[in-house]
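The values are calculated or read from the model by the stated rules, or taken from the named source; none is laboratory data. Values in this document were obtained by computation on a predicted structure and should not be read as measured data. Using ideal geometry, Cβ is built from the backbone for each residue, glycine included, and neighbour counts are taken over all protein chains shown.
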Amino acid sequence: MVSARREMDANTLLNGKFTYKKLPNGSIDKTKVICVYCRCELSYHRSTSSLKYHLMAKHTAADANSPPPRQSQATMDDFTQKHMDTTTRNKLTAAIAKWVATACRPVNVVEDGGLADIIRIASNDWTYELPSRATITSHLQKLHETEKAKVQQALEETKTVALTGDYWTSLSNHNYLGVTSHYFDPQWNLQSHALTVIKTEERHCADAVAEHFMKVAREWNIEHKVVSLTTDSARNMIAAARQLPFEHMPCIAHCVHRAVTVSLTNSPFDSALSKCRKVVGHFKHSPANQAELEQQQVAHHQKKESLAQEVSTRWNSTLEMIKRVQRNAEPLRDALALHTTKVAMLTATELEKLKKLEAVMEHCRYVSELLGGEKFVSCSVVLPALCHLSRVMEVTEDDPAYMIKFKGTFAADMEGRKEKINITWLRVATALDPRFKDLKCLSKPDRAEVWGTIHALLQEIERKRPAQPDNQVTPEPPTKKPTLMLAHESSSDEEEDCVEQCLERYKAEPLIGMDDCPLEWWSMHEGAHNEMACLARKYSTPATSVPSERLFSLSGHVVQKKRASLLSENVNRLVCLSNWLKAKK
């Protein structure tokens with residue numbers, strides 16, 4: 001204790017009224033002193049004159065003559081300083097780079113002093129300094145190359161790839177093309193990866209659009225593996241698809257949403273929907289009005305919730321607006337009655353109209369969400385889903401005139417759009433789904449035509465199968481794999497028998513439930529239906545361009561107002577890297 005006291009006295013001046021500055025590494029800087037009264041830092045050059053002047057000028061004589069504040073007893077941490085080892089520092093730098101990429105954080109977050117303080121407190125290393133922007137940028141580049149190599153390896157191992165793509169415009173008014181890939185791994189897991197977010201300079205005419213997609217396919221060396229391309233139904237996209245060697249699939253979710261929009265335009269629901277929008281705007285644009293609505297919701301024993309505003313570009317926003325107005329009809333009526341406003345609450349007749357509209361539009365919402373997933377098959381669901389919508393839109397005797405008009409407009413619009421979708425591709429995909437292979441969504445003549453198409457596809461697979469050498473003895477196949485499926489037959493009659501047996505075996509399999517996963521079924525039955533499984537991998541493609549549009553949402557977190565001047569190659573690197581890292585979670 002005596003030695004510690006002597007050391008403390010040696011580190012003070014003017015009877016303990018000033019102490020030498022302690023550096024983060026635990027050493028003492030004897031050119032700087034700290035006032036124990038106000039914690040002010042002063043320079044010290046072996047003269048106490050300036051220190052005494054500070055005491056007289058800043059502190060009263062009584063304070064200056066009084067003993068300094070009592071120093072707290074030193075702890076072990078004051079004498080032992082922890083230092084982060086090099087391995088831990090490197091791991092922390094890599095973790096920060098991965099966090100920046102996954103969470104779409106700007107690189108200059110490493111210049112935030114608050115982040116450095118948090119890490120210092122957590123590590124108890126007060127000498128830690130955050131890595132520089134150049135270091136994080138270098139780590140991001142290396143991480144991008146590593147993850148890109150993994151995606152390339154996965155694409156090399158698969159035989160078929162489906163693409164989705166669409167264009168978007170950034171805040172700085174630059175055009176970008178987003179392209180995503182979709183394929184099955186050997187375990188029948190549906191994988192999705194972003195391929196590029198490339199900046200485009202040309203006008204989006206058909207020739208330029210076709211060249212953009214081919215450029216992406218060539219860059220990833222998959223031009224010979226791409227089987228389908230899913231885009232929206234824009235005319236330039238459809239014209240570009242005719243120039244590409246891929247099957248084109250228009251976005252079915254876009255078609256459903258557009259049919260709803262057309263059916264609501266100049267419809268008998270215009271007056272009720274207009275009132276809905278005004279009521280929602282009255283409460284959404286005024287915090288005071290919103291507070292009154294919440295009070296009325298509590299008074300009616302309902303949970304507090306805000307109203308939903310209709311947005312033309314947001315799918316199902318009209319439906320959500322109607323549902324919330326319906327749920328809060330009584331609180332809305334009482335809240336509007338508190339003040340004299342020009343906003344009128346919907347009448348009982350109008351609410352009844354919207355209730356019938358809500359029941360029909362709920363089916364459209366279900367279909368659009370069903371087709372918009374990335375982790376399950378969507379192409380084989382299109383025809384059953386459209387068949388379901390057709391039944392929903394059938395006019396019944398109980399339908400009032402306004403519902404008859406809405407259903408008729410919707411059915412006519414969807415019928416016109418069906419002519420533009422790739423119906424042949426969708427029919428084959430539906431037959432290869434063990435949930436819908438009975439093809440009840442098609443007429444009997446159409447069912448026979450579908451199985452005839454699959455028969456021709458199987459024959460083509462048999463013709464492309466390499467012949468076995470004459471001197472090679474064909475091994476006995478397992479009991480679950482018939483010989484006709486493994487051995488190549490040169491005879492056309494035997495080849496025909498092989499194809500017929502392949503089809504009959506698949507048809508004889510029992511249907512699986514609607515809630516069962518067809519990918520799990522194929523993973524367990526691939527050995528028994530090898531050729532059919534090859535077709536299933538090829539025809540199980542996305543039915544919407546929603547995955548590429550999700551890429552736009554991710555890009556919006558990267559290309560913000562403060563980062564609108566990012567180079568296009570950096571945008572591509574950051575967006576793709578974030579997509580790849582999130583896909584692994």
When residue 3 is evaluated against the numbered criteria (1) at pLDDT below 60; (2) part of a loop (DSSP other than H, G, I, E, B), which criterion, by number, is the only one it fails?
(2)
Which one is surrounded by the fewest Cβ atoms within 10 Å (Cβ to Cβ) among residues in the range 328-366 that are farther than 20 Å from residue 400 by Cβ and within 30 Å of the chain's Cα centre (by Cα)?
366
Please list, ordered by residue number, the helices (runs of 4 or more DSSP H) wholly in the range 243-357 having 2 or more residues that are under 30 Å from residue 160 (Cβ atoms).
252-264
(1) surrounded by 12 or more Cβ atoms within 10 Å (Cβ to Cβ); (2) in contact (Cβ under 8 Å) with a residue 12 or more places away in the chain all hold for residue 394 apart from (1)
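The rows are residues; the columns are (1) in the same structural domain as residue 162 (by TED's automatic domain parsing); (2) among the hydrophobic types (A, V, I, L, M, F, W, C); (3) part of a loop (DSSP other than H, G, I, E, B).
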| site | (1), (2), (3) |
| --- | --- |
| 364 | no, yes, no |
| 368 | no, no, no |
| 382 | no, yes, no |
| 385 | no, yes, no |
| 391 | no, no, no |
| 398 | no, no, yes |
| 402 | no, no, no |
| 409 | no, no, no |
Spot the failing condition for residue 184; the list is (1) in contact with a Ser or Thr (Cβ under 6 Å, 6 or more places away or on another chain); (2) buried (at least 21 other Cβ atoms within 10 Å of the Cβ), and only one is missed.
(1)
Identify the single condition in (1) touching a His at 6+ places or on another chain (Cβ under 8 Å); (2) under 30 Å from residue 195 (Cα atoms); (3) modelled with pLDDT under 85 that residue 468 does not satisfy, given that it satisfies every other one.
(2)
Can you name the residue in the range 556-585 that is buried (at least 20 other Cβ atoms within 10 Å of the Cβ), among the aliphatic types (A, V, I, L, M) and touching a strand residue (DSSP E or B) at 6+ places or on another chain (Cβ under 7 Å) and, of all such residues, is modelled with the highest pLDDT?
575
Residues that are within 30 Å of residue 24 (Cα to Cα) and loosely packed, with under 12 Cβ neighbours inside 10 Å, drawn from the range 130-160:
134
Please give the helices (runs of 4 or more DSSP H) falling wholly within the range 499-585 in which 1 or more residues are more than 22 Å from residue 178 (Cα to Cα) and outside the structural domain of residue 200 (by TED's automatic domain parsing).
518-525, 530-539
